[in-house]
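Have a look at the structure below before the remarks.
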Amino acid sequence: MKIHEFYRGSANITLNGSIAALVPAVIIAVGNLYYIQNNHIMLFTIPFVVYSFISFQIYLYRRKQAISIDRNMSHSTSYYQSLFSARYLLVLYMNQQESIVHLFYPDGHQAGMIKKYKQKGFFLFRKARIYALYNSQNQAVGFYKIKKSTSLVIEAYDQNKRYLGCYEKERVSWVKIKKEMLDESGESIGSVEGSGYFMDERIFNKTRQQVGQLRRGWMPVEWEGRFPEPNTPVLSLSKNLSEKDKLLRMSFLIDEYFIER
């Protein structure tokens with residue numbers, strides 16, 4: 001998938017919503033015409049018609065974006081080798097029948113996605129809420145298991161389902177929330193800190209050096225031809241982190257997109 005295909009898919013979802021909104025309006029209009037015959041009843045069709053009209057305009061806008069992005073993109077394959085090799089990933093959230101977080105390279109090619117994992121009988125994940133990180137070939141390269149008790153714990157596993165560590169979120173007081181990263185032995189390897197007013201989540205290691213960030217509203221100008229929305233969130237991870245470290249630290253995305261939302 002390329003980014004223009006994402007926008008085209010988003011446009012089609014909006015179009016479907018526009019068409020669906022007309023169904024109750026038509027039912028009300030036909031029912032009133034043949035049975036009720038009360039002019040005031042027709043007022044109930046107005047919200048549906050307005051919603052349908054607005055959705056259709058959004059569809060046209062998204063469709064135009066997709067066409068423009070397609071023209072601006074190079075049709076060659078991405079030069080990124082894997083999603084773990086990229087310094088930056090752009091994060092786009094799509095809420096349809098199932099919520100999916102799409103990850104894109106800055107060149108507009110898809111790096112991967114995070115979505116709910118359909119369990120296949122593995123005993124470790126049985127009856128648990130699991131999300132998987134998939135690469136661009138739709139291969140699962142990591143798993144995130146959600147555990148809730150007095151605090152939120154998101155355990156991270158590699159593609160072989162080996163435990164790597166976890167992200168732990170605990171409310172310390174009414175105004176303070178502690179977000180910590182732990183390794184497989186339970187030792188703290190850093191924390192996640194952010195703003196309560198806008199998206200700016202920063203990942204620190206145990207020596208308080210920033211090794212990652214998820215930020216909205218920051219995007220280089222040269223990316224705008226492929227990502228027309230300047231508020232597209234950008235995930236950055238230090239190049240010094242190993243694949244295992246990146247996989248573990250990306251666990252906070254589960255909380256950000258699938259739990260807090």
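Take the alpha-carbon centre of region 82-114, take the same for region 225-261, and report the distance between them in whole Å.
9
What net charge do the residues around residue 102 carry, taking every other residue with its C-beta under 15 Å from that of residue 102, with Lys and Arg at +1 and Asp and Glu at -1?
Neighbourhood net charge equals +2.
What are the ³J(HN,Hα) values, in whole Hz, obtained from phi via the Karplus relation 6.51 cos²θ - 1.76 cosθ + 1.60 with θ = phi - 60°, for each residue of region 91-100 in sequence order, with x given for Gly and Pro?
Per-residue couplings from phi come out as 10, 10, 9, 10, 10, 10, 4, 9, 6, 9 Hz.
Show the residues, 5+ positions off or on another chain, whose built amide H is closer than 5 Å to the amide H of residue 129.
Amide H neighbours of residue 129, under 5 Å, 5+ apart: 146.
Need one number: convex hull volume per residue for the chain, Cα atoms only, in Å³.
Convex hull of Cα atoms, per residue: 188 Å³.
Rounded to whole Hz and in sequence order, give me ³J(HN,Hα) for region 7-16 from the Karplus expression 6.51 cos²θ - 1.76 cosθ + 1.60, θ = phi - 60°, writing x for Gly and Pro.
5, 5, x, 5, 5, 5, 5, 5, 4, 4
Given contacts defined as C-alpha pairs under 8 Å and at least six residues apart, what's the relative contact order of the chain, whole-number percent?
15
For region 155-261, what's the relative contact order in percent, using C-alpha pairs closer than 8 Å and at least 6 residues apart?
Relative contact order here is 19 percent.
Would you check the accessible area of residue 245, probe 1.4 Å, heavy atoms only, in square angstrom rounded to 10?
Taking all protein chains as shown, residue 245 has close to 50 Å².
With no solvent and one equal point scatterer per Cα, compute the Debye intensity ratio I(q)/I(0) for region 149-190 at 0.19, 0.32 Å⁻¹ and report its log10, rounded to two decimals.
For the requested q values the scattering log ratios are -0.58, -1.08.
At what distance in angstrom do the alpha carbon centres of region 17-35 and region 134-157 lie from each other?
If we compute the Cα centre of each part, the gap is 43 Å.
Pull out a ≥ b ≥ c, the square roots of the eigenvalues of the alpha-carbon gyration tensor of region 1-140, then state rounded if a/c is under 1.5, prolate if not and a/b is larger than b/c, and oblate in the remaining case.
In terms of gyration-tensor shape, oblate.
The values are calculated or read from the model by the stated rules, or taken from the named source; none is laboratory data. These numbers come from a predicted model, not from an experiment. When we count neighbours, we look across all protein chains shown, and the Cβ atoms used for this are built from the backbone with ideal geometry, even at glycine. When the accessible area is computed, the model is the full protein with side chains, heavy atoms only, and any ligands, DNA or RNA have been set aside. Shrake-Rupley method; radii C 1.70, N 1.55, O 1.52, S 1.80 Å.
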